[in-house]
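A quick write-up on the structure given underneath.
The values are calculated or read from the model by the stated rules, or taken from the named source; none is laboratory data. This is a predicted model, so every value here is computed, not measured. For neighbour counting, all protein chains shown are included, and Cβ atoms are generated from backbone atoms with ideal geometry for every residue, glycine included. Each accessible area value is taken on the protein alone, full model and side chains, heavy atoms only, with ligands, DNA and RNA left out. Shrake-Rupley method; radii C 1.70, N 1.55, O 1.52, S 1.80 Å.
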Amino acid sequence: MSKALLGRKLGMTQIFTEEGKLIPVTVIESGKNVVIQNKTEDVDGYNAVQLGFGDIKEKHLTKPLKGQFKKAGVDAVKLVREFRLKDKSEFKVGDVLGVDTFAAGDLVDVTGTSKGKGFAGTIKRHGFARGPMGHGSKSHREPGSTGAMISGPGGRVLKGKKLPGHMGHERVTVQRLTVVRVDADRNIILVKGAIPGPKKGFVMIKSTVKPNLK
């Protein structure tokens, strides 16, 4: 079974190896992941496990979530996410998973929500070049032509055109990151490199699936 955990990004720092090599790492707080539900191919059409993480007051829960936690016989949690599995889950509802699920040297994929950057123009959002900056130019940071279909009755902009708009706050996955250190006493995992999201943002950690090389 592939390994999986939910956690919260605390920030970045750096550590030194025994050889004196500096490694930039992201600190992830995890541990106390409770198994809320197991899904099977026979009943649900696919195999998966639902994990919960984080403290939350019961007054902030919706009725469906209250019923789900009550049925599972577990305490309320803030974040609930589902991990797909190839085979049936080997865990039981109510089991608690800790950071020792992973070990130093493991390769993991980390999924989070990237930082939101608001409404952005084409230069910032898509890397467009700016126009001439002279006073005679009317196109300093404008996107330029949007195509011939904009003219005439029924004119429109083709779908997929790179234009200004909302930037960031998207689901992003960074693959094949190396677990550098696991601290079970403080419930933290150190992962080499950067992961998506702001500080205190929730993330999903799962072991990297190795490709089948023939």
| task | Might you check whether a residue that is in contact with a Phe, Trp or Tyr (Cβ under 7 Å, 6 or more places away or on another chain) and surrounded by 10 or more Cβ atoms within 10 Å (Cβ to Cβ) occurs anywhere in the stretch 191-202? | result | no
| Number of the exception - T40 against (1) in contact with a Lys or Arg (Cβ under 6 Å, 6 or more places away or on another chain); (2) within 28 Å of L190 (Cβ to Cβ) | (2)
| request: Under 6 Å between Cβ atoms, at least 6 apart or on separate chains: pull out the pairs that start in the stretch 21-43 with a residue that is touching a residue at least 40 places away in the same chain (Cβ under 8 Å) and more than 29 Å from K86 (Cα to Cα) and end on any residue that is of a type in the set (K, R) and open to solvent by 70 Å² or more (accessible area, probe 1.4 Å). | output: I23/K192; V25/K192
| task | Could you tell me which residue of the stretch 130-188 is surrounded by the most Cβ atoms within 10 Å (Cβ to Cβ), considering only residues that are of a type in the set (S, T, N, Q) and more than 25 Å from I15 (Cα to Cα)? | result | T146
| request: Please work out which one of (1) within 18 Å of the chain's Cα centre (by Cα); (2) at pLDDT below 95; (3) surrounded by 14 or more Cβ atoms within 10 Å (Cβ to Cβ) is the condition R84 fails and give its number. | output: (3)
| Out of the stretch 92-110, which residues are over 19 Å from N187 (Cα atoms) and either polar (S, T, N, Q) or crowded, with 16+ Cβ neighbours inside 10 Å (or both)? | V93
